[in-house]
2 protein chains.
Amino acid sequence: MCATDNAPAANAAPEKPSNVGVEVGHTGEQTNPYGANPADFLSNVSKFQLIESTLREGEQFASAFFDTETKIEIAKALDDFGVDYIELTSPAASEQSRSDCEAICKLGLKAKILTHIRCHMDDARLAVSTGVDGVDVVIGTSQFLRQYSHGKDMNYIAQSAVEVIEFVKSHGIEIRFSSEDSFRSDLVDLLNIYRTVDKIGVNRVGIADTVGCANPRQVYELVRTLKSVVSCDIECHFHNDTGCAIANAYTALEAGANLIDVSVLGIGERNGITSLGGLMARMIAADRDYVLSKYKLHKLRDLENLVADAVQVNIPFNNPITGFCAFTHKAGIHAKAILANPSTYEILNPADFGLTRYIHFANRLTGWNAIKSRVDQLNLHLTDAQCKDVTAKIKKLGDVRSLNIDDVDSIIREFHADVTSTPTVAATEGPAVEDEPAAKKAKTEE
Amino acid sequence: MCATDNAPAANAAPEKPSNVGVEVGHTGEQTNPYGANPADFLSNVSKFQLIESTLREGEQFASAFFDTETKIEIAKALDDFGVDYIELTSPAASEQSRSDCEAICKLGLKAKILTHIRCHMDDARLAVSTGVDGVDVVIGTSQFLRQYSHGKDMNYIAQSAVEVIEFVKSHGIEIRFSSEDSFRSDLVDLLNIYRTVDKIGVNRVGIADTVGCANPRQVYELVRTLKSVVSCDIECHFHNDTGCAIANAYTALEAGANLIDVSVLGIGERNGITSLGGLMARMIAADRDYVLSKYKLHKLRDLENLVADAVQVNIPFNNPITGFCAFTHKAGIHAKAILANPSTYEILNPADFGLTRYIHFANRLTGWNAIKSRVDQLNLHLTDAQCKDVTAKIKKLGDVRSLNIDDVDSIIREFHADVTSTPTVAATEGPAVEDEPAAKKAKTEE
Ligand SMILES: [Co+2]
Ligand SMILES: [Co+2]
């Protein structure tokens, strides 16, 4: 009775798709085991906002060189997706940055436009002249926590900050004040400066894990402590060097942070920050209704493709939600159980993201129908005849050298680009399923 | 005085490479802000063990089809890296799985060999006959927590478990008992079954986030609670569907878990589990000495390349440690500060992983010296003349279609494979730096 390979399909009670991840508790009320912790009175897991920084942090990614047209296309796509704020590179960075900032402000997007500047009056004047809805000011650790440690020059810092903050506020736009490298900073210095700027009346203060090494419980403690010191909102910025950027963002919200900095695919300095898609996966598991009410998740893949093309990277095979294997189940082990009752092994519903569940698309191609399934999964539209053509191309290259999933995707995309001048047809509906040999018996999963 | 783009190089005190991430506290003793939390008396952050499951969980990855030779090559590489346990697919899965399991047991590796079976006497008999050092038994949620919920058939479950556990123990090898989908399970049922098997005398009990939706504080609470109920070791298994697998593993160790399941590149069902490399990044930030004393980190890249080739995926651009941008800094913004004092913006030291810091290798190729740097970064060895040849090849293909980093890597690897019959030369030492235009002024980072 302990077999795990075929029992779930037979034993699990049928659940409605809308109940994915939601179970009925003993009292009869619905409880989500991955929802907000009822003990967290300050939690903002169910009312967070996003500061989307692909056009600021993302511009610092190794291969990011966005021209004006691309910036505008990305800004529009982000706005359409539903992000609350779009953060842009400082207008003081270059004349191009300044004019691009102005151009994006003039688009009339629903999202508020921010720019990210140094704590300089020159930068502040330039920022407010662009028409942004708010200014994010940052002061680096090396400035006030190393050079000016232990309060030596806190007066000087406070003075600069006051001048910039008052100036920005006098223009009726939002102002945020953030430290840099917050987790390597002296706690007392940090709280002192935050309390000072809170009293002046900033809209929010920011915590930044600039080196990407904070861990979730450390984040929880710092945000809770800060929450007891300031009355303004708290924004958090997490780099992903040690793989915790999504978890840290979630835990910060649990502790009472209000806003999370994200970028598409997480692009940014080094291996980047909390990714928009990864955070969406995390948050939909916690509060599906809130996430679906605010964000157009079915546009996530297109948004990621847009940015991936612009910075010339491939979507990682293991990317949350849109990686080729995120909703792929290997034929045999769980496949039948998944088809019978997806929530058995999968509490994220691919349909929420406009995607289909996928059973084993891989290197052993079984023909054009497998490629057709992949085409659909990529949100591209090709006729059956076109799928047969691209399959022939793939097989031809496969004879020359071994192919991986990225190769297949590249060929499909290239082919699709070639045929987009011809009218497209509607994609077929339903899950993409390859015929596979019967399940290997006795494989176990946990 | 608030500029962040050039000040760090001038202001930051020089630090020895061995002090990366370590700061001197006020009392004069060294404290690591990312180390074990001094309030965690049960923390195993500084004495964890790894159960490496590339050959079990990883075999369930969509495109994994390991033949015997590949399995042996991977097992040897894992052993050489220093993992504590290697977990294999159940010998009951197929005759091939059984004979491969036997073959790996006969290699005489330092790592202990485990296999992962259902709670069946048939499977248990087969497992002990292969010569493994231990058996991991799993019982699925659907069996004991859905069908048999609220203690209805706990006697039956306990009876099967007792029989299997006693049998395995009678052969003098290790035994682990794990639940499946632990975070969607009834807590009382869960603790009941764990206490029962602990009393019989298992070596360890396992918690598994099979659907990949647990969050760190939830993990902390469950592990702490379990720790108060059982006296044996605790093993944790985290899927990465919502991007928290590394953070959950770290937090489980903080709560007193002893062992973490990992796989190379995190490969496994759907988008996989805690990755070996990601966890190494997380743990080296917490306790560099412990990690360096146990694991050969400079073999990480080769190990990842071996597995990536076997399952035909590319290393994700943003992979911790080995992704192309993990130690890449975009010229201009931080580059000079990084060269002057790496710990300013980077507390992971690439040299710990046998890698070099890299300043802006990207799509705008500046010539063969950029390619030479990439070759070195990939741990491949080519002469300058060979680098010029492969650069010509890359530029030729670049005229036909646009190239991304994966394309460049593929061409380099192919070229390298072609020339490996000729004698190799030693790689040049030192950081790889491209000449780049001067830093754009006024870009801000946090
Ligand atoms: Co698993
Ligand atoms: Co940043």
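The values are calculated or read from the model by the stated rules, or taken from the named source; none is laboratory data. Because the structure is a prediction, the values reported are computed rather than measured. Cβ placement follows ideal geometry from the backbone for every residue including glycine, while neighbour counts extend to all protein chains displayed. When the accessible area is computed, the model is the full protein with side chains, heavy atoms only, and any ligands, DNA or RNA have been set aside. Shrake-Rupley method; radii C 1.70, N 1.55, O 1.52, S 1.80 Å.
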In the range B:211-234, accessible area falls by at least 10 Å² from chain alone to full assembly (1.4 Å probe) for B:211, B:213, B:215, B:216, B:217, B:218, B:220, B:221
homo-copy label distances at residue A:388 (7 angstrom along Cα-Cβ), nm, one dp, ascending, are 5.1
Rounded to the angstrom and largest first, Cα extents along the principal axes for the range B:239-336 equal 43, 33, 27
Over the Cα atoms of the range B:40-309 the radius of gyration and the largest Cα-Cα distance (Dmax), both in Å, equal 17.3, 52
In whole Hz, the Karplus estimates of ³J(HN,Hα) for the range B:237-252 (6.51, -1.76, 1.60; θ = phi - 60°; x where Gly or Pro) are 9, 10, 7, 10, 4, 10, x, 10, 5, 6, 5, 5, 4, 4, 5, 4
Rounded to the nearest Å, the spacing of the alpha-carbon centers of the range A:264-300 and the range B:173-218 is 30 Å
Note, the range A:113-118: 3J(HN,Hα) by Karplus (6.51, -1.76, 1.60, θ = phi - 60°), whole Hz, Gly/Pro = x, goes 9, 10, 10, 10, 10, 6
The pairs in A:372/A:395; A:396/B:395; A:296/A:372; A:47/A:71; B:76/B:110; B:112/B:169 lying past 21 Å Cα-Cα in this model are A:396/B:395; A:296/A:372; A:47/A:71
One decimal, nm, nearest first: from residue B:420 to the same residue in each other copy, label points 7 Å out along Cα→Cβ, the values are 3.9
Using alpha carbon centers only, the range A:54-121 is separated from the range B:243-262 by a whole-angstrom value of 37 Å
Carbon and sulfur atoms account, in whole percent of the 1.4 Å probe accessible area of the range B:158-212, for 48 percent
With the 1.4 Å probe rolled over protein heavy atoms, the range B:187-312 has an accessible area per residue in Å² of 23 Å²
Computed for A with B: buried accessible area summed over both chains, 1.4 Å probe, rounded to 100 Å², at 10900 Å²
Per-residue average of other protein chain Cβ atoms inside 10 Å, peptide A:281-289 -> 3
Ignoring ligands, DNA and RNA, the residues of the range B:248-274 whose accessible area with a 1.4 Å probe is reduced by 40 Å² or more relative to the chain alone are B:269, B:270, B:271
Sorted by chain and number, the residues with a modelled amide H under 5 Å from that of residue A:206, at a separation of 5 or more or across chains, are A:177, A:178, A:179, A:235
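Across peptide A:373-383, what mean number of C-beta atoms from other chains lies inside 10 Å of a residue's C-beta?
0
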Each label sits 7 Å from Cα toward the beta-carbon; between residue B:186 and residue A:41 the label points are separated, in nm, by 3.2 nm
